[in-house]
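Data first, discussion second: the structure below is written as structure tokens.
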Amino acid sequence: MAPHINKVAVIGLGTMGAGIVEVFAKAGHEVYAVDGSPELAERGKGFVTTSLDRAVGKGKLSEDDRNATLGRITFTAELADLADADLVVEAVPERMEIKHAVFTALDDIVRPDAVLASNTSSLSLTEIAAGTAHPERVVGMHFFNPAPVLALVEVIRTVLADPEVVDAVRDLALNLGKKPVVVGDRAGFVANALLIPYLSRAIALYQTGKVSRTDLDNAGRVGIGLPMGPLTLCDLVGLDVVKEVCEVMYDATKRPSDASPQLLRQLVLARRLGRKTGQGFYDYSADAGAEESDGTGEMTAAAAVVGKGEIAELIAKSFAHAGVTVTAIDDPAADVSVLAGNPLVVLVGGAAEGCGSCGGDGDECGCGATEAPDDWFTQVAQVLDERSVVLTADEASEFALTGVLSADVTVLPLRLHRPTRGGRVAEVGIPLEATQEQIALVRDTLEAAGFVPVAGPARPGLVVDGLLFQHLNDAVAMVDAGYATPEDIDTAMTAGCGYPEGLFAILDELGADTVADGLVEQASLDPSIVPSPLLLEHAAAGTPFLAG
Ligand code: 3HC
């Protein structure tokens, strides 16, 4: 018979447990909130009360509702109090022996028809269930941090679970106003299996010292458009939790990208666990200094923007708006000698050849463009010298210039990403020969022009696509493995991690071919990057992943 769930207990009152208590109590359930000692139970009460008081302070909860919510919660250190609970949600630390101890104890306390759920991030539910007297009533109920805000609940069913229990827990999550996604038992489930490798790659890149933490966070938050940058998110989740999930994932997949980076392990050893200990990748203490700046405040006084079309116009207009004296060359037949000695030259190549659509043959698209002379890049190369920093806004001009430019001119690839809620990233690749002054000049000019600069090694994908394309590829591999549908994955990432759009929505927008080509380029430097066969099939067929 389908279980009826009214009285709920939550064991473990850390960040997640306290949030889960709040969710149930706000929805009208009587809740036992349990921790290992009266002091820990009191600390948990403090977390819940602070969160409710904040909601009152923001006018989101009335004083009466706050009091009624708290009145529905019994804080206790006694597991024996839970005898009449209909559902127990375990949220104790992620160690199998601790989980086993809790579930074994519960077997002797709760009714045989009570449902036992674990909020584990990644441990095997099957292993937890198999160690209990009634494995058919054990499921996963995985909430996301902050639990009162994020809607996703992953409901994990094992091969031992009673389908009626799984359905009852899914319906309960719906009644709590959450978005449940029911999935099988696999390391990391859906959201963590995708999120944690993405976070781990960001940490690994930060660990190289080649990208600053601000740039990495801006790459995720502004470049990809996610609610938080990867290092800030690690600090929210807790570095110990990120490391634990990394280890479980690595154990299951043996993929190098799933292993926990050395820096993460060191920070955990140093108890720099993120917000909860006051320090992680960032310092949250009251006396923390201001965030360091990656620039010097010395933008360029003059720049030339060579090319035609939307991007060239945007760059020229933004630079001029920032007070830069801009020489714009949009006619391929124009005299390029004016570029000589210009401190910053931006080439928007496709357009420099005439038109981004027709490549210069005005007859084709009716743009009226003049075709650039064959030796156009040679002419440009002849007037550029070491006094100029050259930004190339497209791969075509990078390629063309490389063949003709003298070695003493520094060329940095520039990628303007699509604008997102946080702004628009202008990403620059830093070649080995670039000096700190040149990098600072470029960063500061881009920043003054209203872009969010991100700088990293001049390698395929740079930082933003380096993170995004592998994240997308992981999602496709999960579908290919038959674990979840694109729709479920998009629900998991939007409802569980606050993504403004799902990974498959992003992928369909970019095109499977663009992502597959990008991954192939990235694989030239890192052979562990392998485009999923399903991605290649969609790229070849030109079909999107999501219907409509
Ligand atoms: N408790 C309750 N409410 C909270 C809260 C908390 N801890 N933190 C934030 N909020 C509320 C705020 O009060 C605010 O509400 P309002 O808009 O009605 O006033 C709302 O959330 C937005 O907060 P802020 O305006 O302060 O800040 P943001 O707009 O940046 O949102 C965020 C904060 C909700 C945390 C958002 O940045 C986000 O969604 N980040 C991604 C978090 C994420 O990915 N979580 C999943 C991690 S993985 C995980 O948990 C699984 C585990 O197993 C590892």
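The values are calculated or read from the model by the stated rules, or taken from the named source; none is laboratory data. For clarity, every value in this text was computed on a predicted model and none was experimentally measured. With ideal geometry, Cβ positions are generated from the backbone for all residues, glycine too; neighbour counts draw on all protein chains shown. When the accessible area is computed, the model is the full protein with side chains, heavy atoms only, and any ligands, DNA or RNA have been set aside. Shrake-Rupley method; radii C 1.70, N 1.55, O 1.52, S 1.80 Å.
Structure values in brief
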{"quantity": "Residue within region 515-538 that is touching a Ser or Thr at 6+ places or on another chain (Cβ under 9 Å), more than 23 Å from LEU152 (Cβ to Cβ), modelled with pLDDT under 95 and buried (at least 19 other Cβ atoms within 10 Å of the Cβ) present", "calculated": "yes"}
{"quantity": "Some residue of region 481-500 being touching a Ser or Thr at 6+ places or on another chain (Cβ under 9 Å) and open to solvent by less than 60 Å² (accessible area, probe 1.4 Å)", "calculated": "no"}
{"quantity": "Residues that are open to solvent by less than 30 Å² (accessible area, probe 1.4 Å) and assigned to a strand (DSSP E or B), drawn from region 421-447", "calculated": "GLY423, VAL425, ALA426, GLU427, VAL428, GLY429"}
{"quantity": "Residue check, LEU391 in contact with a Pro (Cβ under 9 Å, 6 or more places away or on another chain), open to solvent by less than 10 Å² (accessible area, probe 1.4 Å), closer than 21 Å to THR300 by Cα and aliphatic (A, V, I, L, M)", "calculated": "yes"}
{"quantity": "Residue check, THR158 of a type in the set (Val, Ile, Thr), under 18 Å from ILE11 (Cα atoms), in contact with an Asp or Glu (Cβ under 6 Å, 6 or more places away or on another chain) and free of Cβ contacts under 8 Å to residues at least 60 places away in the same chain", "calculated": "no"}
{"quantity": "Members of region 179-195 that are within 16 Å of the ligand (Cβ to nearest atom) and either without any contact (Cβ under 8 Å) to a residue 60 or more places away in the chain or closer than 30 Å to GLU447 by Cα (or both)", "calculated": "PRO180, LEU195"}
{"quantity": "Meets criteria (in contact with a His (Cβ under 9 Å, 6 or more places away or on another chain) and assigned to a loop (DSSP other than H, G, I, E, B)) for GLY450", "calculated": "yes"}
{"quantity": "Verdict on VAL211 being outside any helix (DSSP H, G or I), away from the ligand (no atom under 16 Å from the Cβ), open to solvent by less than 10 Å² (accessible area, probe 1.4 Å) and at pLDDT 95 or above", "calculated": "yes"}
{"quantity": "Counted residues, region 128-167 - those being more than 16 Å from the ligand (Cβ to nearest atom) and assigned to a loop (DSSP other than H, G, I, E, B)", "calculated": "9"}
{"quantity": "Answer from ALA484, ALA540, ALA516, ALA512 - the residue that is more than 20 Å from the chain's Cα centre (by Cα) and of a type in the set (A, V, I, L, M)", "calculated": "ALA540"}
{"quantity": "Residue match in region 334-349 (condition: outside any helix (DSSP H, G or I), touching a Lys or Arg at 6+ places or on another chain (Cβ under 8 Å) and surrounded by fewer than 16 Cβ atoms within 10 Å (Cβ to Cβ))", "calculated": "yes"}
{"quantity": "Residues that are more than 27 Å from the chain's Cα centre (by Cα), aliphatic (A, V, I, L, M) and within 15 Å of the ligand (Cβ to nearest atom), drawn from region 22-51", "calculated": "ALA25, ALA27, VAL48"}
{"quantity": "Pick from region 214-233, criterion within 10 Å of the chain's Cα centre (by Cα) and hydrophobic (A, V, I, L, M, F, W, C), ranking: farthest from the ligand (Cβ to nearest atom)", "calculated": "ALA219"}
{"quantity": "Residue pairs meeting the criteria (Cβ under 9 Å; at least 6 apart or on separate chains; first within 17 Å of ILE315 (Cβ to Cβ) and free of Cβ contacts under 8 Å to residues at least 12 places away in the same chain, in region 450-471; second open to solvent by less than 30 Å² (accessible area, probe 1.4 Å) and of a type in the set (D, E, K, R))", "calculated": "none"}
{"quantity": "Residues (of a type outside the set (A, V, I, L, M, F, W, C), within 34 Å of the chain's Cα centre (by Cα) and more than 13 Å from the ligand (Cβ to nearest atom)) located in region 70-106", "calculated": "GLU90, ARG95, GLU97, LYS99, HIS100"}
